[in-house]
Every structure is written in structure tokens, then in C-alpha cells.
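Visitor: Handing you a structure now.
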Amino acid sequence: MNIAENIKYIGVNDHDIDLFEGQYVVENGMAYNSYLIIDEKTAVMDSVDARFGDEWLGKIKAALGEKAPDYLIVQHMEPDHSANISAFMKAYPQAVIVASAKAFAMMKQFYGSDYADRQIVVSEGDTLSLGGRELKFFTAPMVHWPEVIVTYDSTDKVLFSADAFGKFGALDVEEDWACEARRYYFGIVGKYGAQAQALLKKASTLDIKTICPLHGPVLSENLDYYLGLYNTWTTYGVETDGVMIAYTSVYGNTKKAALLLEEKLKEKGCPKVAVNDLARCDMAEAVEDAFRYGKIVLATTTYNAEIFPFMREFINDLTERNFKNKTVAFIENGSWAAMAEKVMRKMLEGCKDIAYAENGVHIKSALSEENLAQIDALADELCK
Ligand code: FEO
């Protein structure tokens, strides 16, 4: 696959992975992208996961023949991209690594060497000439780690964006971009919206025709669509008008309330309702939904004078990702000494710009007539 006449794709697809980063389900696998820029000097952009070193080195050889690459540009040190640095440096003893100072420090930590006599340290605004073209580097701290740089090639107007604009899924599987890019973004980078915004600001000063991320497809058409979604996600904006209901249920009574609310919301014309059973759904999917919609309903039981564990995990996942700018409503269930709403409110205390619904649902064991009226009132309020 050619990105431009002299930029080639040399990444790999991974269909053997069970959990990406040890936690994310990736039904359609994962791609570790790497690119080759061929000019008077030749640069390789990042490496790939450890299990694909031979395939990746084979692709470099197939593209260059006996010619050796001059530079390995390491934009990100997470091992899914850096694992084959040592193999590359062994295969190409004349090559030099280009990376940030922080990346070289991590290189020593991960792989025992920072290649002190074969390194070029770059920081914000630095450039590297490949002869016919010049690469310019921008720092992108915390998108997704502190050492990250992105690279702009003004000749072909390509932004090598590191983890930004990445998604789950191998490249030989067709699937919707936004769904898996959103799950990836909020799962992996979500906490650092401000830092991702800073990167978007830098990108807005560049004339970009193609975005080459480290995961997911190369983006070359309709870039405003992708940039627009990233702008919404990184500012914790509302992407889809509607309500997200997240529930846990022990004997089905809280579930009944959640599903009845869904029904009422639909009846009353709510444009979209997403429902997640937190004990059974992919938690990362529920997390992306919570960030996607403007209104969320948390429904759970009191449990050990606390809340049901899956709801605790879910709220923790939200708060540690800077959850903000939402309307939140509660459905609680407690057969005696109900605590659930109190505990959930406390967990969300540190979140900014949260509006709480006036109506709530307070179940004691099973749905009562009063609860039905509460659900109806909550649906009215959320549909306003
Ligand atoms: Fe794909 Fe943050 O590495």
C-alpha cells in the first residue's frame, strides 16, 4: 500500500491478540502501523509489536532491497510500536534513531540501551532533512504517553499522528471507523482531552492531506469528519443527542426499571437511547457511550453498604478519564438501608460541569406504583 509515491505502508495486522494492552477486547484484531519514507535518505516511522518483528523487517527489505534505511523515527515508546527497535538497530548498524529525550530515556528502561552514539534528539519544531523533503516534529505529550512526538511531511502533506486518530481493528477487516476509534480514544487517551486538544491546535496550523496513525486506517478523505469527531471527543462535547442508561441488576428488578425507562424515553421521542448491562457488556463500550451522549442514567443496587461492583468499576472508569459536561440521573435499589444514589453521587463529586436530574427512581426491592410514576417523570425530564 502506497500512501504517496515515496511513502509506503509497512505495518502488520494482528489477529492472534486476545486483549489489547491486556484489557481491551478486539474482535477484529489490531493493526500496528509503520511507514517507510523513501527520499535521498530513508526513514522508517516506528516499529511494530514484538510478535511481528520478522514480518516488519521483511517488509522493509522487500521495499528497499539492499539499500539500508538511514533513520528510525520513534514517535511513541509503548511496546506495541517500539518492541523491534533492537532488532532494527542490529539489522541496520548504520541507522540512527530520531526521538524525543523522554523516548530515549524510556528506550533504556525498556530495552537496556538508548543508542547514545546513534541518536538524534528532537523536540518541538525541530526538523530533519531527508534530502528532497523535510520532516518537522511536534511534541504531543500524553497522547498517549509523555514522550510522544508527531511528524509532518510538508512535501506530501502527511501528518504521522502517533496514537491520535487510531482505532482498534486490523486493516483487513471492514468496519465503521467512528465506533472503534471512539472506544479506542476514550479507553486509551480519554483522560488527556486537554493534551489532545493541544495537538489538534498544532495540527490546525498545518496543511494536511493524509493522516497516518499508528493504529487503524490511513485517513485521506473527508478529513474534516475525523477532525470534527476528535474535536468533540477531546473537549468532552456531546456527540449524539440522546440518553445512555447503564445498569446492574441482581434479580432483575433494577433491570426492569432501566428497560422501562428506555421504553418511556423512546415513546416520548428521545432521539437515541443506548442501554448497557454493565455485568455483561464490554465495559469499554459502555465507557465510550457515556462520553458520547449528553445524558446518562446510572442504575444500580445497594451492595455491602456500597454499590454493585460493576457500577463502581464503571464510574471509576469515567472519573479517571475526566468525565464532565453531562446530565446525570440515578435509579437506585435497596431493600433496606438504600445507599446506592448517595455512593454514586459521592463518586462523581470531583467531576466538572455535571448537572443532576431533579427526578430520580428509588426502588425498594421491586418496582412499585410510585416507581412507575418516578420513571415516567424522569423520562419527561430527560426528553425536555
Ligand atoms: Fe499504540 Fe500508545 O500505543
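Visitor: Checking the condition at pLDDT 95 or above, among the charged types (D, E, K, R) and more than 16 Å from the ligand (Cβ to nearest atom), which residue from 266, 191 passes?
Guide: 266 is the lone residue from the list that is at pLDDT 95 or above, among the charged types (D, E, K, R) and more than 16 Å from the ligand (Cβ to nearest atom).
Visitor: Of the residues 156, 176, 163, 224, which single one is of a type in the set (D, E, K, R), in contact with a strand residue (DSSP E or B) (Cβ under 8 Å, 6 or more places away or on another chain) and either over 30 Å from residue 97 (Cβ atoms) or within 16 Å of the ligand (Cβ to nearest atom) (or both)?
Guide: 163
Visitor: Continuing with this model, one more query. Which residue pairs have Cβ atoms under 8 Å apart, sit 6 or more places apart or on different chains, and have a first residue in the range 137-151 that is aromatic (Phe, Trp, Tyr) and a second that is open to solvent by 10 Å² or more (accessible area, probe 1.4 Å) and within 9 Å of the ligand (Cβ to nearest atom)?
Guide: Pairs that qualify, where the first residue is aromatic (Phe, Trp, Tyr) and the partner is open to solvent by 10 Å² or more (accessible area, probe 1.4 Å) and within 9 Å of the ligand (Cβ to nearest atom), are 145/78.
Visitor: Further question: Which count do you get for residues in the range 354-372 that are over 16 Å from residue 257 (Cα atoms), part of a loop (DSSP other than H, G, I, E, B) and open to solvent by 20 Å² or more (accessible area, probe 1.4 Å)?
Guide: The number of residues fulfilling the criteria is 1.
Visitor: If a residue has to be farther than 22 Å from residue 267 by Cβ and touching a strand residue (DSSP E or B) at 6+ places or on another chain (Cβ under 8 Å) to count, how many in the range 363-384 make the cut?
Guide: Within the range 363-384, residues that are farther than 22 Å from residue 267 by Cβ and touching a strand residue (DSSP E or B) at 6+ places or on another chain (Cβ under 8 Å) number 2.
Visitor: Among the residues of the range 13-43, write down those that are part of a strand (DSSP E or B) and either within 13 Å of the ligand (Cβ to nearest atom) or more than 30 Å from residue 130 (Cβ to Cβ) (or both).
Guide: If the condition is that a residue be part of a strand (DSSP E or B) and either within 13 Å of the ligand (Cβ to nearest atom) or more than 30 Å from residue 130 (Cβ to Cβ) (or both), then 14, 19, 20, 24, 25, 30, 31, 32 are the ones that fit.
Visitor: Additional query: Does residue 184 satisfy being part of a strand (DSSP E or B) and either surrounded by fewer than 22 Cβ atoms within 10 Å (Cβ to Cβ) or at pLDDT 95 or above (or both)?
Guide: So residue 184 fails the test.
Visitor: Also, I was wondering about something else. Go through (1) outside any loop (DSSP other than H, G, I, E, B); (2) surrounded by 16 or more Cβ atoms within 10 Å (Cβ to Cβ) for residue 351 and report which single condition fails.
Guide: Every listed condition holds for residue 351 apart from (1).
Visitor: Determine, yes or no, whether residue 102 is within 16 Å of the ligand (Cβ to nearest atom) and surrounded by fewer than 21 Cβ atoms within 10 Å (Cβ to Cβ).
Guide: Answer is yes for this residue.
Visitor: In this structure, is residue 117 without any contact (Cβ under 8 Å) to a residue 12 or more places away in the chain, over 24 Å from residue 71 (Cα atoms) and not polar (S, T, N, Q)?
Guide: No.
Quick grid of which residues meet (1) open to solvent by 20 Å² or more (accessible area, probe 1.4 Å); (2) over 16 Å from the mean Cα position of the chain (by Cα):
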site	(1), (2)
140	no, no
161	no, no
173	yes, yes
178	no, no
201	yes, yes
212	no, no
217	yes, no
235	yes, no
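Visitor: Working only within the range 64-85, note down all residues that are away from the ligand (no atom under 16 Å from the Cβ) and under 22 Å from residue 30 (Cβ atoms).
Guide: 72, the sole residue that qualifies.
Visitor: Also, I was wondering about something else. Could you figure out which of (1) under 19 Å from residue 85 (Cβ atoms); (2) open to solvent by less than 50 Å² (accessible area, probe 1.4 Å) isn't true of residue 130?
Guide: Looking at each condition in turn, residue 130 falls short on (1).
Visitor: Further question on the same structure: Any residue at all in the range 290-311 that is of a type in the set (Gly, Ala, Ser), open to solvent by less than 60 Å² (accessible area, probe 1.4 Å) and not in a strand (DSSP E or B)?
Guide: Yes.
The values are calculated or read from the model by the stated rules, or taken from the named source; none is laboratory data. Predicted, not measured: the structure shown is a model, and the values here were computed from it. Note that we place each Cβ from the backbone using ideal geometry, even for glycine, and neighbour counts take in every protein chain shown. Areas reflect the complete protein model, heavy atoms only, side chains present, ligands, DNA and RNA absent. Shrake-Rupley method; radii C 1.70, N 1.55, O 1.52, S 1.80 Å.
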